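**Student:** Here it is, the structure in full.
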Amino acid sequence: MLGFVIIVAFELLGAGLHRLGVPLPGSVLGLILFTLALMLGLVRLEWVERSALLLVRHMTLLFIPLMAGLTTMTAELRKNGVALLASLGASLLAVLLTTGGLAHLLLRDDEIAEINREADLLP
Amino acid sequence: MIRLILHLFARPALYILLTLAVYALSLRLHRRWAWIHPLLSASVVLIFLLWELHIPYASYNTGGGVFTYLLGPATVALGVPMYKQGIKLKATLPRLSLVVFAGSAVGMITAGGVASLCGASHRMVMSALPKSVTTPIAIEVSRSLHGDPAITAAMVLLTGLVGAVIGPGILRLARILHDHAVGAAIGASSHAIGTASLFRSSETQGSISSLAMAMAGIFTSVLAMLLNLYWRAQGSGHP
């Protein structure tokens with residue numbers, strides 16, 4: 001439970017800073033500060049690890065209510081449907097191929113074994 | 001009896017339970033038939049139930065909204081995989097950030113460019129820009145660019161879903177197979193929805209993907225911030 005408290009505290013801290021005029025989204029500020037706190041040892045990994053991984057692992061669940069909400073805005077989506085779908089498809093393809101292609105060129109020499117293969121992110 | 005049912009229908013707890021049940025069901029379906037994406041099946045079942053039971057979305061959202069709120073803390077929680085992978089991938093980190101930065105920039109340019117070419121209004125173009133990053137970040141970026149956060153949320157969800165379903169196949173076709181490359185590409189393009197899919201099949205790809213999606217979120221917000229500062233410097237505000 002301590003983990004959740006720390007994580008929500010960082011989210012609020014980020015939202016507060018955004019409110020005070022820092023021009024980045026509150027959740028991004030929270031994420032940056034939280035990662036820095038972990039790196040500096042202000043927050044210990046074992047305090048937050050379980051809560052954080054619970055949230056990250058089940059992110060799909062968190063999107064379900066928003067998906068159901070799409071039904072309430074079909075009119076708006078239809079009006080701009082073609083442009084938005086074209087933008088979505090083209091951009092998705094572009095990001096996949098640039099990122100994948102560049103990563104293929106720049107990262108392929110790295111040892112995969114560099115990553116700990118123990119299932120430390122999944123239980 | 002009817003009054004009891006009506007009373008229960010007004011309880012947020014019922015909708016929290018309903019959402020969890022639909023999610024559990026969708027994970028089961030996914031385990032049985034791997035090609036059915038859990039977000040897709042869960043949404044279809046949920047929309048069908050709300051429709052059949054005549055539950056307005058606003059009532060459902062008194063309970064369901066709890067999960068939407070949790071997207072904020074979940075974004076902050078990405079710090080944990082970022083920190084853990086950052087330690088393990090120290091040597092790769094600068095190159096990985098370069099790759100994700102390029103992906104984020106290309107994503108914003110193509111999303112805005114194509115929407116604009118198709119005749120979308122300025123507001124719609126701005127709403128399309130942050131579509132590759134996770135919802136809480138995308139919504140705030142959209143708001144800062146004077147886009148429509150609801151349209152952005154729709155774009156984010158569809159991008160994530162489509163990317164999660166067909167992204168790995170497209171990468172395979174392009175012969176991009178290295179775990180790091182697949183993770184980076186899915187994380188940068190399909191944020192949390194794609195990342196969650198990867199985690200179900202490959203630990204390594206999922207870890208890189210969560211790192212890439214967090215980076216993409218940061219880079220996209222920074223690029224949007226620069227765009228805003230540029231407009232402000234021009235003194236014209238939004239065109």
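The values are calculated or read from the model by the stated rules, or taken from the named source; none is laboratory data. As the structure is a prediction and not an experimental result, all values here were calculated from the model. Note that we place each Cβ from the backbone using ideal geometry, even for glycine, and neighbour counts take in every protein chain shown. Protein only, heavy atoms only, side chains kept; ligands, DNA and RNA dropped before computing areas. Shrake-Rupley method; radii C 1.70, N 1.55, O 1.52, S 1.80 Å.
**Student:** Between 0 and 90 degrees, rounded to the nearest ten: what's the tilt of helix B:79-88 against the longest Cα principal axis of chain B?
**Tutor:** Helix B:79-88 sits roughly 50 degrees off the main axis of chain B.
**Student:** Got a sec to turn the phi values of region B:155-167 into Karplus ³J(HN,Hα) couplings, 6.51 cos²θ - 1.76 cosθ + 1.60 with θ = phi - 60°, whole Hz, x for Gly and Pro?
**Tutor:** 4, 4, 4, 5, 4, x, 5, 4, x, 5, 7, 9, x
**Student:** Can you pull the one-decimal nm distance between simple spin-label points at B:A91 and B:L117, each 7 Å off the Cα toward Cβ?
**Tutor:** 4.1 nm
**Student:** Per DSSP helix of 4 or more residues, -39500 (n - 2.57); summed, then divided by the residues of chain A. What does that give at 222 nm, rounded to the nearest 500?
**Tutor:** -24000 deg cm²/dmol
**Student:** Still on this structure, I have one more. Count the net charge of all other residues whose Cβ sits under 11 Å from the Cβ of B:P38, scoring Lys and Arg as +1 and Asp and Glu as -1.
**Tutor:** Summing Lys and Arg as +1 and Asp and Glu as -1 gives +3.
**Student:** What's the center-to-center distance, using Cα atoms, between region B:150-200 and region B:58-127 in Å?
**Tutor:** 11 Å
**Student:** Quick one: in the protein assembly as shown, what % of C-alpha pairs are over 26 Å apart?
**Tutor:** Working: 31638 of 65341 pairs.
Counting pairs separated by more than 26 Å, the tail of P(r) holds 48 percent.
**Student:** A further question follows. Between A:L12 and B:F48, take the C-beta separation as r, use R0 = 35 Å, and let me know the FRET efficiency to the nearest 0.05.
**Tutor:** Rounded to the nearest 0.05, the efficiency is 0.45.
**Student:** Using only Cα atoms and rounding to the nearest 10 degrees, what angle (0 to 90) does helix B:179-201 make with the longest principal axis of chain B?
**Tutor:** Taking the Cα atoms of chain B, the angle to B:179-201 is about 10 degrees.
**Student:** Work out the mean other chain Cβ neighbour count within 10 Å for the residues of B:153-161 and drop it here as an integer. Write out the running numbers ahead of the final one.
**Tutor:** Working: counts 6, 11, 6, 3, 6, 8, 6, 5, 2.
Shielding by partners across B:153-161 averages 6.
**Student:** Setting aside same-chain residues fewer than 8 positions from A:K79, which lysines have a Cα under 30 Å from its Cα?
**Tutor:** Hits, sequence-local ones excluded: B:K131.
**Student:** Could you rank B:I16, B:I166 by how accessible they are, 1.4 Å probe, largest area first?
**Tutor:** Correct descending sequence by accessible area is B:I166, B:I16.
**Student:** Next up: Please give the solvent-accessible surface of A:F10 in Å², to the nearest 10, using a probe radius of 1.4 Å with every protein chain present.
**Tutor:** Around 30 Å² of this residue is reachable by solvent.
**Student:** Then there's this: Whole-Å semi-axes of chain B's equivalent ellipsoid, largest first, each the root of 5 times a Cα gyration tensor eigenvalue?
**Tutor:** So the equivalent ellipsoid measures 32, 25, 16 Å along its semi-axes.
**Student:** When the helix-only estimate is applied to chain B (DSSP H runs of n ≥ 4, each -39,500 (n - 2.57), divided by the residue count), what is the mean residue ellipticity at 222 nm, nearest 500 deg cm²/dmol? Could you put the intermediate results ahead of the total?
**Tutor:** On the way: 11 runs with 197 residues, N = 239.
Result for chain B: -28000 deg cm²/dmol, rounded to the nearest 500.
**Student:** At 1.4 Å probe size, put B:S43, B:S144 in order of accessible surface, largest to smallest.
**Tutor:** The ranking, largest first, comes out as B:S144, B:S43.
**Student:** OK, next. Can you give me the distance in nm between label points at A:M39 and B:R175, each placed 7 Å from the Cα along the Cα-to-Cβ direction?
**Tutor:** 3.7 nm
**Student:** Sticking with this structure for a sec: For B:98-107, what's the mean count of beta carbons from other chains sitting within 10 Å of each residue's beta carbon?
**Tutor:** That average works out to 6.
**Student:** By how many degrees, between 0 and 90 and to the nearest 10, does the Cα long axis of helix B:38-52 differ from the longest principal axis of chain B?
**Tutor:** It works out to around 40 degrees.
**Student:** In addition: Please work out the Cα convex hull volume for region B:1-101 and give it in Å³ per residue.
**Tutor:** On the way: hull volume 15.4 nm³, N = 101.
Spread over its residues, the Cα hull of region B:1-101 gives 153 Å³ apiece.
**Student:** Something else about it: Within chain A, which DSSP H helices have Cα atoms that stretch 20 Å or more along the helix axis and a mean Kyte-Doolittle hydropathy of at least -0.5? Write out the running numbers ahead of the final one.
**Tutor:** Numbers: long enough: A:2-19 (25 Å, 1.63); A:26-40 (21 Å, 2.38); A:81-107 (37 Å, 1.90).
Span-like helices, by this rule, are A:2-19, A:26-40, A:81-107.
**Student:** Based on the alpha-carbon gyration tensor of chain A and its eigenvalue square roots a ≥ b ≥ c, which shape applies: rounded if a/c is under 1.5, prolate if not and a/b is larger than b/c, or oblate?
**Tutor:** It is oblate, given that a/c is not under 1.5 and a/b is not larger than b/c.
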